[in-house]
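Reviewing the structure listed below.
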Amino acid sequence: MITELVSWGESLFYLLARLLIILYFVPTINSIFDLQIIGCKEMELNYVVVRSKKRKKTISLQVRANGTAVISAPHGIPIPEIDKFVREKERWLRRKIRENGERQKEIKAKKYVTGETFFFLGEPYTLNIEAAAPGFDKLAFICGQFILASDKVSQGRELFIDWYRKSAQRYIGERVDHFSHVLKLIPRGIKISNARCRWGSCSQDNHLYFSWRLMMAPRSVIDYLVVHELAHTQEKNHRERFWDIVGNTITDYKKQRVWLKDNGHTLDI
Ligand SMILES: [Zn+2]
């Protein structure tokens, strides 16, 4: 028994030692551990600082979907300087944290009852629960409202996802055809994915993927993503030539990127 415990302890020791060696040599993983949780006393606001070796000068600020404020900063910047930066952004920070918290509660609280709101192409539409009738037995979008059959409420989420998926196939498919013609860039095909944050992607063989969650975003955001992924069929990177293709077609693409960064987490049910 004792020998067994010793050898178990030994193997655990070697496993930990190997893990530490791996972490030491993989800089990106290593940097995850270079993390500080700081509270700015005057503001009574907690935030997390992630220091990066890659980052040279700038400090950036992001509020995650769960309401955590994350500051990305270069290695050498002292804490008082980071604190000063946070204080300057205090109003924005507080608003973002509050909005994310409210939106998160709203997403979690979806009950699939009459009066709830669901987004479609950036607009809110009301849900109505109605008795199932011949020709209508699941979920439909009629005259600017969603109608869900009363005996299908327990499958509400699955039915909505299926509806968003089908709408995405049709709507995004049409937008890809349109911009494909404009840009003279032809993809191999499009597929609708279930990705939570990866709104779009382009494979090596030029298949385009778009998340069904995008159907909740405004049309202008979808157009930007369509053009972004189409541009990847020619440029498999994010260098200047890539952004030239995007910017020549979607002149306000930076605005759409900011919208996604700020609101992406709300595209969920
Ligand atoms: Zn890209």
### Task
May I ask you to list the residues in the stretch 176-210 that are touching a residue at least 24 places away in the same chain (Cβ under 8 Å), among the hydroxyl-bearing types (S, T, Y) and touching a strand residue (DSSP E or B) at 6+ places or on another chain (Cβ under 7 Å)?
S201
### Task
Specify the residue that is surrounded by the most Cβ atoms within 10 Å (Cβ to Cβ); the eligible residues are those in the stretch 199-257 that are in a loop (DSSP other than H, G, I, E, B) and among the acidic types (D, E).
E235
### Task
Would you be able to say whether some residue in the stretch 239-249 is more than 25 Å from E102 (Cα to Cα) and aliphatic (A, V, I, L, M)?
yes
### Query
Here are some residues: K110, K96. Which one is part of a loop (DSSP other than H, G, I, E, B) and surrounded by 16 or more Cβ atoms within 10 Å (Cβ to Cβ)?
K110
### Query
Would a scan of the stretch 223-240 turn up a residue that is of a type outside the set (D, E, K, R) and more than 14 Å from the ligand (Cβ to nearest atom)?
no
### Task
Scan (1) in contact with a helix residue (DSSP H, G or I) (Cβ under 6 Å, 6 or more places away or on another chain); (2) at pLDDT below 95 for the single condition R196 breaks and write down its number.
(1)
### Task
Quickly run through the stretch 241-250 and pick out the residues that are over 28 Å from Y164 (Cβ atoms) and either away from the ligand (no atom under 12 Å from the Cβ) or among the charged types (D, E, K, R) (or both).
R241, D244, G247, N248
#### Entry: Inter-residue pairs, beta-carbon under 6 Å, first touching a residue at least 40 places away in the same chain (Cβ under 8 Å) and in the stretch 225-250, second of a type in the set (K, R) and away from the ligand (no atom under 13 Å from the Cβ), 6+ apart
V226/R175
#### Entry: Enumeration of residues in the stretch 149-192 that are surrounded by 18 or more Cβ atoms within 10 Å (Cβ to Cβ), small (G, A, S) and outside any helix (DSSP H, G or I)
A149
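The values are calculated or read from the model by the stated rules, or taken from the named source; none is laboratory data. For clarity, every value in this text was computed on a predicted model and none was experimentally measured. Cβ: placed from backbone, ideal geometry, glycine included. Neighbour counts: every protein chain shown.
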